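Written below as structure tokens is the structure these notes are about.
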Amino acid sequence: MTDIKKYFEKSELIPAIVQDAGTGDVLMLAYMNEHSFKKTLETGYTWFWSRSRGELWNKGATSGNMQEVIEIYADCDLDTLLIKVVQKGPACHTGSMSCFLNKVEENSKNE
């Protein structure tokens with residue numbers, strides 16, 4: 001089993017970027033603690049820590065839009081994860097495949 005403690009030396013929560021393994025699209029960003037990371041490794045499906053609810057969250061457990069983990073990478077500092085998944089249904093709670101829908105436009109008044 002992977003030594004997961006090394007990923008949490010700087011913080012109790014680390015960002016986890018979720019990417020579609022087939023398309024490469026970035027689906028969402030969530031946070032993991034040691035427990036959610038361990039459950040992800042054990043089950044093969046994503047688990048996160050809900051900062052707003054203060055509890056573990058199995059992505060798609062309620063909606064059926066599960067994320068099957070294909071592979072996980074850590075960044076060079078071991079404090080951010082990239083999780084490649086097979087996404088079942090939409091990743092976003094809005095019904096969109098990706099949570100990244102809102103393009104940020106530069107304010108034209110600054111020209």
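What follows draws every value from the coordinates through simple rules; no lab data is involved. Owing to the predicted nature of the structure, the values given are computational and were not obtained by experimental measurement. Cβ coordinates were reconstructed from backbone atoms using ideal geometry, including for glycine residues, and neighbour counts include every protein chain displayed.
Of the residues that sit in the stretch 83-99 and are touching a Leu at 6+ places or on another chain (Cβ under 8 Å) and among the hydrophobic types (A, V, I, L, M, F, W, C), which one is surrounded by the most Cβ atoms within 10 Å (Cβ to Cβ)? Outline the logic, then answer.
We begin by selecting, within the stretch 83-99, every residue touching a Leu at 6+ places or on another chain (Cβ under 8 Å); these are 85, 87, 91-92, 94, 97-99.
Then drop every residue that is not among the hydrophobic types (A, V, I, L, M, F, W, C), which leaves 85, 91-92, 97, 99.
Values: VAL85: 24, ALA91: 26, CYS92: 14, MET97: 17, CYS99: 17.
The qualifying residue surrounded by the most Cβ atoms within 10 Å (Cβ to Cβ) is ALA91.
Among residues of the stretch 45-69 that are under 16 Å from ILE83 (Cβ atoms), those with a beta-carbon under 6 Å from a residue that is buried (at least 18 other Cβ atoms within 10 Å of the Cβ) and among the small types (Gly, Ala, Ser) at least six positions away or on a different chain give the pairs TRP47/SER36; PHE48/ALA30; PHE48/SER36; TRP49/SER36; LEU56/SER36; MET66/GLY60.
The residues listed here are THR43, THR80; of these, the one that is touching a Pro at 6+ places or on another chain (Cβ under 6 Å) and surrounded by 12 or more Cβ atoms within 10 Å (Cβ to Cβ) is THR80.
Taken over the stretch 12-40, the criterion of being surrounded by fewer than 15 Cβ atoms within 10 Å (Cβ to Cβ), closer than 15 Å to ASN58 by Cα and either over 12 Å from the mean Cα position of the chain (by Cα) or of a type in the set (Gly, Ala, Ser) (or both) is satisfied by HIS35 alone. Filter the stretch 49-71 for residues that are surrounded by 10 or more Cβ atoms within 10 Å (Cβ to Cβ) and in a loop (DSSP other than H, G, I, E, B); which is farthest from the chain's Cα centre (by Cα)? The selected residue is SER63.
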